[in-house]
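Worksheet for the structure shown next.
The values are calculated or read from the model by the stated rules, or taken from the named source; none is laboratory data. Fair warning: this is a prediction, and the values are worked out from it, not measured in the lab. Here the Cβ positions follow ideal geometry from the backbone for every residue, glycine too, while neighbour counts run over all protein chains shown. We work out accessible area using only protein heavy atoms, side chains counted, and drop any ligands, DNA or RNA first. Shrake-Rupley method; radii C 1.70, N 1.55, O 1.52, S 1.80 Å.
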Amino acid sequence: MTNHVPEAAASHSGDWAFLGAEAGSVADRLYMSAAEEWNQAINSRFVNELLDDTLPDRVLVSYLIQDFKFFNQGIMEHAIALAPRKETKEMLRRQSKFFADEEAPYFTDFLKVYHVTEEQYENAPQTPANKEYCDYLAEVVNGTWEELITALCCMEWLYLAWAKRTVDAGVVQQVPAHKGWVDLHEGELFRAWTGRLIALVNEYTSVDGPEAEVFRRIVHLERRFFEDAYDLA
């Protein structure tokens, strides 16, 4: 029997105060500025089916091929280079190592389990959303630190938000690939990482600066990324 994970409720100011996005903070105001599309993303068909263990394998394969291509964009290297303080650079380097040690093997192991050859991976075309997302990030990484840290924070925060749904519901996925993807994006370590990014957004960014549009654009592209997983499946 499949355990259904309820959808996340509508966003409210202060939802993420426990991670440093207190009501009225810069991060909270950015979050609320994209509330409608944020909820569409974290309650998307793809997320619902993954959390409920009803996601077809072909869709999961399609999605993770796209995400692995996205993963290899080198975002963290640019963030480290632009970070204004030594301790921030060191924190980002530690997280980058974690991604290399934990997240990258998930992708490579997944491709083996689902018998995706290197040729199939290399020849898989990017979905329109993935291409637009990668093109947009190429612009962001050549912009300011404020824009880049906002983009990185939004990406990680939104992933925590969808994974948190299943933790709140007390549902553990029975399909190993589904559970593994949730485990990478929920838990003490990922919450702490997201909290550090929220703290940097609160410190360096503004709701009146160009980074506010970056936050909303990232939410929009994340929603479309989930939707496009079905197009090439």
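From the coordinates of this entry, Cα extents along the principal axes in Å is computed, and it appears in [x] 55, 36, 31; [y] 44, 37, 29; [z] 57, 39, 37 under the label [y]. In region 141-233, with Lys and Arg counted as +1 and Asp and Glu as -1 at Cβ, which of these residues, Val182, His220, Ala161, has the Cα nearest the positive end of the dipole, that is, farthest along it? Ranked along the dipole, the leading option is Val182. For the chain, complete DSSP H runs whose alpha carbons reach 15 Å or more along their own long axis and whose mean Kyte-Doolittle score is 0.0 or higher are 57-71, 145-169, 188-204.
Placing R0 at 22 angstrom, the Cβ-Cβ distance between Val113 and Gln174 gives a FRET efficiency of 0.90 after rounding to 0.05.
Relative contact order of region 43-229, please, whole-number percent, based on alpha carbon pairs below 8 angstrom and at least 6 residues apart.
Values: 136 pairs, mean separation 68.8, N = 187.
Taking the mean separation of contacting Cα pairs over the length of region 43-229, I get 37 percent.
Label 7 Å along Cα→Cβ of Glu122; region 44-69 residues with amide nitrogen under 20 Å? 62, 64-69, by backbone N distance to the label point.
Can you give me the Rg/Rh ratio for region 22-126, using Cα atoms for both radii and the Kirkwood formula for Rh?
Values: Rg = 17.4 Å, Rh = 16.7 Å.
Using only Cα positions, Rg/Rh for region 22-126 is 1.05.
Electrostatic bookkeeping for Ala10 treats Lys and Arg as +1 and Asp and Glu as -1; over the other residues with beta carbon under 13 Å from its beta carbon, the sum is -4. Surface composition of the chain: carbon and sulfur atoms hold 51% of the protein heavy-atom accessible area at a 1.4 Å probe. Rounded to the nearest whole Hz, the Karplus-based 3J(HN,Hα) values (6.51 cos²θ - 1.76 cosθ + 1.60, θ = phi - 60°) of region 115-127 follow the sequence 6, 8, 6, 4, 5, 4, 4, 5, 8, 5, x, 6, 5, with x at glycine and proline. Each label was represented as a point 7 Å from its Cα along the Cα-to-Cβ direction; for Glu37 and Ala17 these points are 2.8 nm apart.
For Leu160, what charge total do you get from the other residues with a beta carbon under 11 Å from its beta carbon, if Lys and Arg give +1 and Asp and Glu give -1?
Numbers: positive: Lys164, Arg165, Arg191; negative: Glu156, Glu186.
Residues near Leu160 contribute +1 overall.
Computed about its Cα centre, the charge dipole of region 43-229 is approximately 260 debye, with only Lys, Arg, Asp and Glu carrying charge at their Cβ.
Given 37 °C and 0.692 mPa s, compute D for region 111-161 with the Stokes-Einstein relation, Rh being the Kirkwood radius over Cα pairs; round to the nearest whole µm²/s.
Values: Rh = 13.2 Å.
Stokes-Einstein gives a translational diffusion coefficient of 249 µm²/s.
Electrostatic tally near Val141: other residues with Cβ closer than 10 Å to its Cβ, Lys and Arg +1, Asp and Glu -1, net -3. The modelled label-to-label distance between Ala199 and Glu227, using points 7 Å beyond Cα along the C-beta direction, is 3.7 nm. The lysines within cross-link reach of Lys112, meaning a Cα-to-Cα straight distance under 29 Å and a gap of 8 or more places when in the same chain, are Lys69, Lys97, Lys131, Lys164, Lys179.
Across every direction, the projection of the convex hull enclosing the Cα atoms of region 1-66 has a mean area of 5.7 nm².
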